[in-house]
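*Asks:* This is the structure I have questions about; it appears just below.
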């Protein structure tokens with residue numbers, strides 16, 4: 001397990017999660033562990049689709065979500081088809097191959113789930129999924145997703161602004177950063193139990209943003225895509241989407257959001273600091289040490305012969321975030 | 001069953017032809033299948049990446065098979081196995097070439113400047129490209145006529161396959177984002193195969209020096 005990150009200002013546990021909620025969650029997780037283990041034993045479809053012409057995606061638990069479609073967040077770009085969005089995932093908790101999560105996470109039960117917001121806030125709280133649904137109205141936001149591996153997608157997310165959630169907790173003036181944490185449950189996430197499945201990463205997966213980045217209106221917590229709730233492999237039940245940063249910043253299956261006064265550790269930065277920085281803004285001029293970031297392959301329809309290599313844009317084309325970094329050397333702070 | 005291991009088994013001409021045909025069908029069939037599926041967009045969500053993996057890993061697998069053939073031919077009472085080694089080796093080269101072609105045509109999409117800079121600046125690409133060039137030399141020197149002309153130097157040249165294997169595995173390991181995974185099993189297999197050839201490797205390291213002074217080596221012979 002990862003080293004525990006301690007902000008310099010500490011809070012007592014009773015300010016964080018009510019004990020009964022905590023115990024209830026542990027009990028349910030234990031029960032659900034068996035469901036997850038059972039799913040591993042079920043036969044699953046291979047990555048190579050040999051004979052069938054239409055891909056079958058068996059995700060019965062997806063439910064339609066009510067949402068609005070604000071005009072400013074729609075797009076004329078070609079969307080990446082649902083089948084590709086849900087079978088090409090970097091989610092090492094379910095395996096390092098991009099087709100692994102769709103297979104291994106299919107039995108991942110997301111409900112019940114709690115999301116805790118705490119740290120340097122006036123009003124720490126813990127929400128269940130039902131509360132999220134009730135308190136926040138969902139918008140469809142069509143965002144480009146640029147992976148650090150130089151491929152990209154266009155995805156219609158359903159979500160709400162992270163800022164609106166953080167405001168409810170009333171951040172203290174000392175808060176400068178926001179730390180995110182994925183569920184840690186090796187029974188339900190096989191990659192956390194076996195390093196040959198999970199790539200030997202220190203789990204739980206953690207990520208972070210500056211408070212300014214977190215409050216930016218483009219930053220959302222997504223609970224769905226393509227009009228329905230998130231499939232497990234895409235980070236159900238709730239994940240971050242920061243469209244101007246490389247995909248690994250958009251942490252999946254979040255259980256905790258903590259406001260801190262120190263820059264929190266982030267998983268990939270801890271693993272290879274010379275390759276993955278804290279900021280990880282999409283930037284065609286700053287290469288990954290092992291490959292160029294000047295262009296990317298856009299994954300949409302079309303097979304091998306699709307001419308889909310396009311130039312990468314600074315901040316993934318979301319120039320409105322540039323003021324956040326006006327005093328920052330983007331080469332040093334990659 | 002006992003008899004099988006007591007008496008050396010000679011493969012008839014027909015048996016060798018059958019074995020080689022099976023190798024052709026398997027290796028060529030797989031290659032054609034993955035390319036066709038990728039063109040039809042039925043090889044995973046990103047057919048380019050899937051194709052790169054299929055050809056690259058295929059090449060490494062075939063290289064491992066060629067490295068297994070000579071220890072097997074020595075230990076099993078069937079020395080004729082060695083007669084299909086060249087074919088497997090040539091398929092290893094073909095897969096590596098297909099891997100490079102897929103990278104250039106479908107990943108970089110014929111961006112030659114990018115290709116040049118990636119080969120020069122990115123160590124794992126440099127390593128992979130070096131392995132491919134070595135395999136090219138081995139494939140080009142594989143016909144019988146060239147083998148006869150190179151005489152004893154042929155073996156010295158073809159022992160570079162060990163370096164190819166190491167570079168290929170390094171390229172594979174380096175291309176992934178985390179260390180834990182399949183490459184570790186391949187390295188273990190590679191070390192095991194090399195441990196069978198300790199004395200050969202020692203002799204080879206001496207003869208490599210003479211390879212580049214052809215006069216000295218031909219005078220000796």
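*Asks:* Assuming residue A:271 fulfils every condition listed in (1) closer than 20 Å to residue B:118 by Cβ; (2) within 14 Å of chain B (Cβ to nearest Cβ); (3) in contact (Cβ under 8 Å) with a residue 60 or more places away in the chain apart from one, which condition is it?
*Replies:* Residue A:271 satisfies every listed condition except (1).
*Asks:* A follow-up question, please. Consider residue B:96 carefully, then state whether it is more than 10 Å from chain A (Cβ to nearest Cβ), closer than 26 Å to residue B:43 by Cβ and surrounded by fewer than 14 Cβ atoms within 10 Å (Cβ to Cβ).
*Replies:* Spelling it out, it is not the case that residue B:96 is more than 10 Å from chain A (Cβ to nearest Cβ), closer than 26 Å to residue B:43 by Cβ and surrounded by fewer than 14 Cβ atoms within 10 Å (Cβ to Cβ).
*Asks:* In the stretch B:106-140, how many are surrounded by 17 or more Cβ atoms within 10 Å (Cβ to Cβ), more than 12 Å from the chain's Cα centre (by Cα) and more than 12 Å from every other protein chain (Cβ to nearest Cβ)?
*Replies:* 2
*Asks:* Now for a separate question. Please give the helices (runs of 4 or more DSSP H) falling wholly within the stretch A:104-206 in which 2 or more residues are more than 14 Å from chain B (Cβ to nearest Cβ) and crowded, with 21+ Cβ neighbours inside 10 Å.
*Replies:* Filter on the stretch A:104-206 gives A:162-169.
*Asks:* List the number of the failed condition for residue B:156; all other conditions in (1) at pLDDT below 95; (2) under 22 Å from residue B:34 (Cα atoms); (3) more than 14 Å from chain A (Cβ to nearest Cβ) hold.
*Replies:* Of (1) at pLDDT below 95; (2) under 22 Å from residue B:34 (Cα atoms); (3) more than 14 Å from chain A (Cβ to nearest Cβ), only one is false for residue B:156: (2).
*Asks:* Looking at the stretch B:28-37, is at least one residue at pLDDT 95 or above, out of contact with any strand residue (DSSP E or B) (no Cβ under 7 Å at 6 or more places or on another chain) and more than 14 Å from chain A (Cβ to nearest Cβ)?
*Replies:* yes
*Asks:* Something else now. Just checking, does the stretch A:254-268 include any residue being closer than 29 Å to residue A:113 by Cα, within 14 Å of another protein chain (Cβ to nearest Cβ) and within 21 Å of the chain's Cα centre (by Cα)?
*Replies:* Within the stretch A:254-268 (the criterion being closer than 29 Å to residue A:113 by Cα, within 14 Å of another protein chain (Cβ to nearest Cβ) and within 21 Å of the chain's Cα centre (by Cα)), the answer is yes, since at least one residue qualifies.
*Asks:* Find the residue count for the stretch A:72-84, including only residues that are in a helix (DSSP H, G or I) and more than 8 Å from chain B (Cβ to nearest Cβ).
*Replies:* Final tally of qualifying residues: 3.
*Asks:* Another question, if that's okay. When you scan the stretch A:278-323, how many residues do you find that are surrounded by 19 or more Cβ atoms within 10 Å (Cβ to Cβ), more than 8 Å from chain B (Cβ to nearest Cβ) and in contact with a helix residue (DSSP H, G or I) (Cβ under 7 Å, 6 or more places away or on another chain)?
*Replies:* Of the residues in the stretch A:278-323, 7 are surrounded by 19 or more Cβ atoms within 10 Å (Cβ to Cβ), more than 8 Å from chain B (Cβ to nearest Cβ) and in contact with a helix residue (DSSP H, G or I) (Cβ under 7 Å, 6 or more places away or on another chain).
*Asks:* Related question: Looking at the stretch A:207-236, which of its residues are surrounded by fewer than 23 Cβ atoms within 10 Å (Cβ to Cβ) and either at positive phi or in a loop (DSSP other than H, G, I, E, B) (or both)?
*Replies:* Residues satisfying the conditions are A:216, A:217, A:218, A:226, A:227.
*Asks:* Checking residue A:240 against (1) more than 27 Å from residue B:46 (Cβ to Cβ); (2) buried (at least 22 other Cβ atoms within 10 Å of the Cβ), only one condition comes out false. Which one?
*Replies:* (1)
*Asks:* Anything in the stretch B:201-212 that is farther than 11 Å from residue B:155 by Cα and under 19 Å from the mean Cα position of the chain (by Cα)? List them, or say none.
*Replies:* Matches in the stretch B:201-212: B:201 only.
*Asks:* Among the residues of the stretch B:42-56, which ones are at the interface with another protein chain (Cβ under 8 Å from one of its Cβ atoms) and crowded, with 19+ Cβ neighbours inside 10 Å?
*Replies:* Within the stretch B:42-56, B:43, B:44, B:45, B:46, B:47, B:48, B:49, B:50, B:51 qualify.
*Asks:* Let me ask something additional. Specify which of the listed residues (B:71, B:77) is under 23 Å from residue B:11 (Cβ atoms) and assigned to a helix (DSSP H, G or I).
*Replies:* Unique residue meeting the criteria: B:71.
*Asks:* Considering the stretch B:38-68 alone, what residues qualify as being assigned to a helix (DSSP H, G or I) and in contact with a strand residue (DSSP E or B) (Cβ under 8 Å, 6 or more places away or on another chain)?
*Replies:* Matches in the stretch B:38-68: B:48, B:49, B:50, B:51, B:54.
*Asks:* Only one of these is part of a helix (DSSP H, G or I) and touching a residue at least 60 places away in the same chain (Cβ under 8 Å): B:95, B:124. Name it.
*Replies:* B:95
*Asks:* Do we have residue B:87 as assigned to a helix (DSSP H, G or I), crowded, with 21+ Cβ neighbours inside 10 Å and touching a helix residue (DSSP H, G or I) at 6+ places or on another chain (Cβ under 9 Å) here?
*Replies:* no
*Asks:* Any residue in the stretch B:66-75 that is surrounded by fewer than 16 Cβ atoms within 10 Å (Cβ to Cβ), touching a residue at least 12 places away in the same chain (Cβ under 8 Å) and within 14 Å of chain A (Cβ to nearest Cβ)?
*Replies:* No, the conditions are met nowhere in the stretch B:66-75.
*Asks:* Can you go through A:239, A:258 and tell me which one is farther than 30 Å from residue A:69 by Cβ and at pLDDT 95 or above?
*Replies:* A:258
The values are calculated or read from the model by the stated rules, or taken from the named source; none is laboratory data. If you're wondering where the values come from, they're calculated on a predicted model, not measured in any experiment. Here the Cβ is made from the backbone with ideal geometry for all residues, glycine too, and neighbour counts use every protein chain on show.
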